[in-house]
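The values are calculated or read from the model by the stated rules, or taken from the named source; none is laboratory data. The structure displayed is predicted, hence computed values, not measured ones. Cβ placement follows ideal geometry from the backbone for every residue including glycine, while neighbour counts extend to all protein chains displayed. Each accessible area value is taken on the protein alone, full model and side chains, heavy atoms only, with ligands, DNA and RNA left out. Shrake-Rupley method; radii C 1.70, N 1.55, O 1.52, S 1.80 Å.
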Amino acid sequence: MKTLVFVTLLMLGFSGQTVPDSRAADESAMCESVKQMETGWNTKSGALFAKPFAEDADYVVINGNYIKGRAVIESQHQRIFDTIYKDTNLTLTVKQIRFLRADVAVVHVEGRRTSTTKELTQDAVLTLMMTKEKQGWVIAAFQNTAVAPRG
């Protein structure tokens, strides 16, 4: 019986690391991507903000506009960082990660943009579709939805 268990573990590719440990590492990498976006926003760097996105990422802006590709995400964010959102800060909090497959996950994030001007302060819910590629986890699709003020 011991031989059967050992052979089964070898066939499954057992390396001493359990699936939950692997998932924890994947979740940590996804959280780092979200942190990268937050850092990019708060340092006003379009390049840092766009870094976790796939080269051909789909991005739905909070106002419903659609943009395509990391280069456009970078340039459009740099434009708003240099103008309307130059005095804003962003806080992003990962609320849920759901694996659809071992290499595909949906990540829900709460966002809060703050500013000294009330009209630029906004809460949002972000939905990220992330895929595990050779270089690691990347954001393949991004949906930004404004949360209406309560009351």
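Before moving on, here are some points about what is shown:
- Taking the conditions (1) in contact with an Asp or Glu (Cβ under 8 Å, 6 or more places away or on another chain); (2) of a type in the set (Lys, Arg); (3) closer than 19 Å to Ala140 by Cα in turn, Lys44 satisfies each one other than (3).
Yes or no, residue by residue, for (1) open to solvent by 20 Å² or more (accessible area, probe 1.4 Å); (2) under 21 Å from Lys35 (Cβ atoms); (3) in contact (Cβ under 8 Å) with a residue 40 or more places away in the chain:
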| residue | (1), (2), (3) |
| --- | --- |
| Arg79 | yes, no, no |
| Thr83 | yes, no, no |
| Arg112 | yes, yes, no |
| Asp123 | yes, yes, no |
| Lys132 | yes, yes, yes |
| Arg150 | yes, no, no |
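- Flag for Ser75 being touching a residue at least 60 places away in the same chain (Cβ under 8 Å), part of a helix (DSSP H, G or I), small (Gly, Ala, Ser) and within 23 Å of Ala146 (Cβ to Cβ): no
- Scanning the stretch 85-102 for residues that are surrounded by fewer than 17 Cβ atoms within 10 Å (Cβ to Cβ) and of a type outside the set (D, E, K, R) yields Asn89, Thr91, Thr93, Gln96, Phe99, Leu100, Ala102.
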